[in-house]
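This report concerns only the one structure given below.
Read the figures in this text as sums done on the coordinates, not as results from a lab. Everything numeric here is computed off the predicted structure, so don't read it as measured data. Cβ placement follows ideal geometry from the backbone for every residue including glycine, while neighbour counts extend to all protein chains displayed.
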Amino acid sequence: MPKKVKSAVLLSLVGTFAIFAMTSLCPTTVNAHAPQKVLLAYDGATKTLSVTVTHTRFSESHYVEKVVIKKNGTVVATQEYKSQPSETFTYTYKVDAVSGDTLEVKASCSRFGSTSEKIAIGMGPSKTLR
């Protein structure tokens, strides 16, 4: 076999092995994902914010790790977790908000990414903001 052909075959094999090694040794970026959805509801009578999060294909090392709540742009609560109970779950938080306030919630994955949602507090039903 000519020397150039041997070099090309060797280079192809090394390249293939390198790609295989990188994809199998770095599964975090391939398998990790941010929570798919965050839904908010506020009960003014009880001053309770309900946060419903959907984060599928979770595991012991891949879960919603942190929820940060802001009122009018200022952090009012941060809650860290070591696991999540199911693919879709609801946590409740006591938050003192009045008509005109905006609440924002950011749910962060333990491996990669986060999803945020806002809600405007008003006289009628709360309205989700985009």
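Worth a mention:
- Normalised by the number of residues in the range 32-129, the average gap of Cα pairs under 8 Å and 6 or more apart makes the relative contact order 33 percent.
- For the residue pairs K37/K71; K70/K94; K47/K71, the alpha carbons lie more than 18 Å apart in K37/K71.
- Those aspartates and glutamates that a straight Cα-Cα span of less than 15 Å connects to K106, excepting residues fewer than 8 apart in one chain: E65, E80, E117
- S83/T46 FRET efficiency (R0 25 Å; Cβ-Cβ; nearest 0.05): 0.40
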